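Engineer: To start, I am sharing the structure in question, which I have written as structure tokens.
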Amino acid sequence: MEPRMGVTLRMAGPADRSAVIELIHKLNVFEADLTGDRRRDHGAARDYYNELLQRLAGRQGRIVLAEADGLVVAAMGFSVDQDAAYVTDDVRRHGTVTDLIVHEEWRGRGIGQMLLKEAERLTREAGLRRLMIGALVANGRAERTYRDFGFEPYVSYMVKAL
């Protein structure tokens, strides 16, 4: 589906803090229903936002926003990361989508695709050949979206409650 006319992408700035935190909070609540291990309070979203900014600052990172009708409707974290020494040099450094959050009322309009295309552009602009993204196994919609965009499974993290 084509994105709604008037959706634009831009870099987030300090004035966007509360809008990004609100998106993170909504994602935390959604993922808490999937996994049972996510905090549901706004403090968790604020804490994660601060962690994310620190992570991105050291990795050529940024937060890209999708804006429509003057509202922030989606956010994507992007960074340049490096795998361990055992990964071949041609793909060891890669782009990473750290987060991709589309407000539930704006899903299904192609906004996530717009942000993923921007992540591809940023990856190529950095001279890199690989883009990585993660999704919770329980979040089937996100996984389908990423597969439809051309991502393939690469690593599987497993968990065991003790």
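The values are calculated or read from the model by the stated rules, or taken from the named source; none is laboratory data. Since the model is a prediction, treat every value here as computed from it, not as a measurement. Surface accessibility is based on the protein's heavy atoms, side chains included, excluding ligands, DNA and RNA. Shrake-Rupley method; radii C 1.70, N 1.55, O 1.52, S 1.80 Å.
Engineer: Taking N as the number of residues in region 61-116, what is its Cα Rg relative to 2.2 N^0.38 Å?
Structural biologist: Compared with the compact-globule rule of thumb, region 61-116 sits at 1.42.
Engineer: Turning to a different aspect of this structure: Residues of the chain: accessible area per residue at 1.4 Å, in Å²?
Structural biologist: Counting only protein heavy atoms, the per-residue value for the chain is 62 Å².
Engineer: Computed from these coordinates, which is Rg/Rh (Cα atoms, Kirkwood Rh): (i) 1.00; (ii) 1.11; (iii) 0.95?
Structural biologist: Matching entry in (i) 1.00; (ii) 1.11; (iii) 0.95: (iii).
Engineer: If each residue of separation counts as 0.36 nm, what is the full-extension length gain between residue 30 and residue 57 once their alpha-carbon separation is subtracted?
Structural biologist: That works out to 7.0 nm of additional length.
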